[in-house]
Each structure stands twice: as structure tokens, then as C-alpha cells.
Amino acid sequence: SSIQTQETISSIQIEPTVVPTSTALPASSETVSLSTIQIFITSSVQTQETISSIQIEPTVVPTSTALSSTAATPSSTSSPNSGSIVPRQLTYSPYNDDNTCKDYSSIYADLTFIKGKGINSIRMYGVDCGSIGTVQTAASALGLTISQGFYITSAGVDSIDADVDNIISWAGKNGWSIFTDFIVGNEAIINGWVSADQLIGKINSIRSKFQTAGYSGYISTAEPPNIYHENPALCNNLDFIGINAHAYFDPNSSAATAGEFLASQIVVTKKFCPGKTVYVTETGYPSAGIQNGNNIPSVENQAIAIKSIINVVGTDLTLFTLYNDFWKSPGPYGVEQYFGL
């Protein structure tokens, strides 16, 4: 919290905007290969915004109670260098190391641990592992809220239809208050599994179904910043702009500059989607794996990176992730299993 930076965003290496590859994927989901990762170069982007401008305009998701009395209210807004190191939200996946699904008691223990750290909300990527009957129930009992995802697979945009219906059924019995927002797809466009038009159509369809069922809160998606540049129609069809951004995958960044990297991604995305709130739906740093440029994965550097992120950007974001994901493939850099905090 003592770190004070006078560097402007313009002094940061805003380009390239690197597509993050570290996401908590359901066991049945495909992982994008490194060869398909697109490095986004934008030499035309010039900005004089300073880090302090992020403090003036926090990137928190607006409180959903403004739209619906049944929607949950996110935690209070915080600013960079506020002294707090507790993020608004943490990602959670209900898998054991051997790729089996955790039972209710294990999930309850995990969520109790999260709450004990002062974190009051989790992000779920999907409803796999029967999580509607376990994670939602445990979170409700503990007073935690959920950013609920619908994970689109390579089967296409309709692969989430049953999940949407199951959430509507659950909410019909339990209400919508546990959900802060819904994230339709996680890097589904960059993975090549849907087009922007298909995703927009599905989001609007879900919005209509949810409104009929009593929910009028926030709905978005999660993609790297360059996707919004390439598909500007997304901006006006989302209630906020969700970005996944990881300094590790930019070889010009480092653990010490992870916060500046993330701030630059927020600024660039705001230029792509003027007037829209940008929220970091996923960011973190690996504790083990292969060096990527100036990024050297280690437990020490993970701590340095997380502190840099909180100091520069603040706590209104979602950190990735609770535990190391040994149920996943290690990936080309050997880091995919080691983002656990």
C-alpha cells in the first residue's frame, strides 16, 4: 500500500494487448492452443491518462439494485492505494485435483475460508459439477454472492441453454438475490467457438428470459480487450464490459508492473467502448511455470504482482483464483495449474 507511482499510462507499454490464456475451464471444455493466440498491436492508441484517473473513475460494476430490487449489491467501491488488499471477488471452481467434483462439505469449507479472508463474492465460470445444488446452496448459507457464468464450449452458443434453464428454475425457488451479475461465455469469441453476433443474440435471448422470470440485473461476457476493438457491437449490448487480462502473458511486463499493465488494459478498453463501465473479470499471476520475457513465475513474484495490481487499480476486480488447479492441463508455459492464491 506504500507504493506510489507517478508514471502515466502513456509511459506504460499499452501495446501489445495480450490475450490471456489462463481461465478456469470446466473439465469437459477445450483449451485454446498457444498458436491461436493473437497479439493485438495498436500503435495508433495514444493516451495521456494517468494512473490517478483510474482512482477518480473506479472500475467497479455498478450496483445492480439500481435495476432491480432483487439483485445483489456488490461490495463498496475502493480506490487504488486505499490500503486494502482484499479483492471484491475471487474465482472459484468446484474441482478436486483429480478432476472429480467436490462434495458439498468441501465446497462449504472452501467458501467459509474465502469469507474468512473478507471476500464476500465469488465468480463461477459455469454450472458444471452440479454446482447449482452445491455452490449456490453453500454461498447462500454463508451470505456470499455469485457472479454466475454460463460456459460456452466448442459445441457453440446453444451449449449453455440447459444451464440457463436450470438457473431460472433454481431462482424460481430461491430468488435472484444471490447473483450480482451473469457472465455469458468466457473467452468464447477469442477461442473461436462463437461469433460476436451469435453471442449478442444469445445474451439478448437470456436477458429476455431472465426478465420474464423476475431478474433485471446485469448481464455481460468476459473477453480480452482486443475482442471489443474488433467487435464494437458488443459494447452496446452489454451492461458492463468484462475483461480478462494477465500481465504474465505480456513478455514486456513483469510481476512488479502487473498493476500498470492491468491499468493500461482498462484504459484501452474504455477507448474501445466509450461511456461503458469496464470491470476486470479475471486477473492474477502464476506461482510456478516457465519464464515469459520479464515474467518469472514464483510464489514471491505472485505476491509482488497481486500487490501491484491492488495498489494501482484497486480492489474492485476479480482475482484468479482460490487454489492451484491441478485438474487442468499445465498448458504450453506450464503455468495454467499455478494461479492459486
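Rule-based calculations on the coordinates, nothing more; no lab input. No experiment lies behind these values; they were computed from the predicted model shown. Note: ideal-geometry Cβ built from the backbone for every residue, glycine included; neighbour counts use all protein chains shown.
Before moving on, here are some points about what is shown:
- Backbone amide hydrogens, once placed in the peptide plane, bring Ser147 within less than 5 Å of Ile122, Arg123, Met124, Thr180, excluding anything fewer than 5 places away on its chain.
- Amide H contacts of Thr321 (H built 1.01 Å from N, in plane; Pro and chain starts excluded): Gly340, Leu341 sit under 5 Å, all sequence-distant by 5 or more or on other chains.
- Note, ³J(HN,Hα) from phi for the range 239-249, Karplus 6.51, -1.76, 1.60, rounded to Hz, x at Gly and Pro: 6, 7, 9, x, 10, 9, 8, 10, 4, 4, 7
- Centroid-to-centroid, using Cα positions, the range 88-144 and the range 281-318 are 22 Å apart.
- Sequence of Asp165, Asp98, Asp325, Asp239 once ranked by neighbouring C-beta atoms within 10 Å, starting from the fewest: Asp98, Asp165, Asp239, Asp325
- For the range 153-200 versus the range 209-236, the gap between their alpha-carbon centres in whole angstrom: 11
- In this structure, the amide hydrogen of Asn186, modeled 1.01 Å from its nitrogen in the peptide plane, lies closer than 5 angstrom to those of Ile152, counting only residues at least 5 positions away or on a different chain.
- Residues Glu282, Glu336, Glu230, ranked from the fewest to the most other C-beta atoms within 10 Å, line up as Glu230, Glu336, Glu282.
- The simple spin-label model puts a point 7 Å past each Cα toward its Cβ; for Ala288 and Lys117 those points are separated by 1.8 nm.
- Debye log10 I(q)/I(0) for the range 136-276, one point scatterer per Cα, at q = 0.10, 0.16, 0.19 Å⁻¹: -0.38, -0.90, -1.13
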